[in-house]
1. Can you give the Kirkwood hydrodynamic radius for the chain, in Å, rounded to one decimal and based on Cα pairs?
2. With axes computed from alpha carbons, what is the tilt in degrees of helix 176-208 against the longest principal axis of the chain, rounded to the nearest 10 within 0 to 90?
3. Please list, in order along the stretch 8-14, the HN-Hα scalar couplings obtained from phi with the Karplus expression 6.51 cos²θ - 1.76 cosθ + 1.60 (θ = phi - 60°), rounded to whole Hz, x for Gly and Pro.
4. Would you mind putting 200-207, 52-59 in packing order, based on average other-beta-carbon counts within 10 Å, highest first?
5. Residue separation times 0.36 nm, minus the C-alpha to C-alpha distance between residue 56 and residue 155: what's the value?
6. Counting only residues 5 or more places away or on other chains, whose amide H sits under 5 Å from the amide H of residue 64 once H atoms are built in the peptide plane?
7. With θ taken as phi - 60° and the coefficients 6.51, -1.76 and 1.60, list the Karplus ³J(HN,Hα) couplings across the stretch 120-126 in order, rounded to whole Hz; mark glycine and proline as x.
8. What is the percent of Cα-Cα separations in the stretch 101-160 that go past 16 Å?
Amino acid sequence: MIWIEFLAGAGLIILAGTRLSRYADQIAVRTGLGGAFIGFILLATVTSLPEMAVSATSIIAVGSPDLAIGGLLGSNTFNLAIIVLLDILYRSGPLLQKVYPGHVLSAGLGIMFIGTVSALILFYEHGGVLEIFGIGLSSFIFIGIYVVAVRLIFRYDRRSRPDPGNDGETAGKSSLGTLVFKTAIVAAVIVAVGIWLSLTGGKIAAATGWGESFV
């Protein structure tokens, strides 16, 4: 039964994700902000909502830091592995050869974050203390780095990106307000299913004995 729940939740995430990519593409055209910036801010944020919901539920409801962090780091690794599939599906040459150079900034940010997380895990493992009122000092540093990175990507994208024009076919007939509303609905579905998957993941870990980090 738990595997049926897991597959059903995964199917809902796929359906919602398909809608989300369409809405994000249309918002990028409507606003003129560009696909790289919209992808980094809107698409990345909404698609990360299941991970946030899963991780938060893993901490609050299940009480498992390993399940939470394992899900986040495992998702990052799997996301990069998806590039292989996308490269196969994209039949106009190597995928990374065609992407906008501005993605180097977001990739560098990801490397910085992952490296810092790895270093902090080892730091705490060896008895180090780095916190303020029970909250890791690194969390405040991460927030500052993210805000600066968003600003840098926005400025680089606006300065370097060629004018995409107004592709009516891509933008569709929906107004910007309607697109934002639809995106919010899809995001709500993703969060709800993410919480469901978190609880299901805890059940799978307990039933199989595979361990919460692996699940």
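1. Working: mean 1/r = 0.0516 Å⁻¹.
Computed over Cα pairs of the chain, the Kirkwood hydrodynamic radius comes out at 19.4 Å.
2. 30
3. 5, x, 4, x, 5, 4, 5
4. Numbers: 200-207: 18.1, 52-59: 20.1.
Top of the packing list down: 52-59, 200-207.
5. Numbers: separation 99, 0.36 × 99 = 35.64 nm, distance 3.23 nm.
So the extension gain works out to 32.4 nm.
6. For residue 64, whose amide H was placed from the backbone, the distant partners under 5 Å are 59.
7. 5, 4, 5, 4, 5, 4, 9
8. Working: 936 of 1770 pairs.
Result: 53 percent of Cα pairs exceed 16 Å.
Values in this text are rule-based calculations from the coordinates and carry no lab data. Only a predicted model underlies this, so the values are computations on that prediction, with no experimental measurement involved. Heads up, the Cβs are rebuilt from the backbone with ideal geometry, glycines too, and the neighbour counts pull from every protein chain shown.
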